[in-house]
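> A single structure is presented below for examination.
The values are calculated or read from the model by the stated rules, or taken from the named source; none is laboratory data. Please read these numbers as outputs of a predicted model, since none were measured by experiment. Every residue, glycine as well, gets a Cβ built from its backbone with ideal geometry; the counts of neighbours run over all protein chains shown.
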Amino acid sequence: MSMKKSMLDYQKESIKNDTHKYLTMYEEKHQELLSAKEKLGTLTAELEKKTMQIELMSGHIAKLNNRLKVNQYLSRPFSLLFENKVTEKMIKVKMRQATVYDSRRTAIKSFNGWRNTYRESKK
């Protein structure tokens, strides 16, 4: 009977040890699970923060693009007016030069005609 009792005690002790071992393993896995959940929560919060920043930045960029398009659309008539002013100024300068050259050529032609007549009369 004492052998049965000692075997029973041994079995109880081994069951107790196994139960304690499995409980500690369960506790470790539970702690790992909790830390993984905590990390996941932290990463999710960071991801949401980054996503919100990206959305805000994309909204700001879209607003700037619209402002740029409006500025280009509104500045086009003024740039065309400026181009027109510059071309008119260049045309005036060219016309002044053409007038000077034309009057000079006219004077040279008229004097050439008299010069040729004067040369012929001297001969």
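Listed here are the residues, each with its yes/no results for (1) in contact with a helix residue (DSSP H, G or I) (Cβ under 7 Å, 6 or more places away or on another chain); (2) at positive phi; (3) surrounded by 10 or more Cβ atoms within 10 Å (Cβ to Cβ); (4) at pLDDT 90 or above.
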{"position": "Glu46", "(1), (2), (3), (4)": "no, no, yes, yes"}
{"position": "Lys49", "(1), (2), (3), (4)": "no, no, yes, yes"}
{"position": "Ile54", "(1), (2), (3), (4)": "no, no, yes, yes"}
{"position": "Leu64", "(1), (2), (3), (4)": "no, no, yes, yes"}
{"position": "Arg67", "(1), (2), (3), (4)": "no, no, yes, yes"}
{"position": "Ser75", "(1), (2), (3), (4)": "no, no, yes, no"}
{"position": "Leu81", "(1), (2), (3), (4)": "no, no, yes, yes"}
{"position": "Ser121", "(1), (2), (3), (4)": "no, no, no, no"}
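> When residues of segment 83-98 are filtered for being among the small types (Gly, Ala, Ser) and either modelled with pLDDT of 95 or more or within 42 Å of the chain's Cα centre (by Cα) (or both), how many remain?
0
> Right, here's the next one. Condition (residue is assigned to a helix (DSSP H, G or I), of a type in the set (Lys, Arg) and within 24 Å of the chain's Cα centre (by Cα)) applied to segment 30-38: is it met by at least one residue?
no
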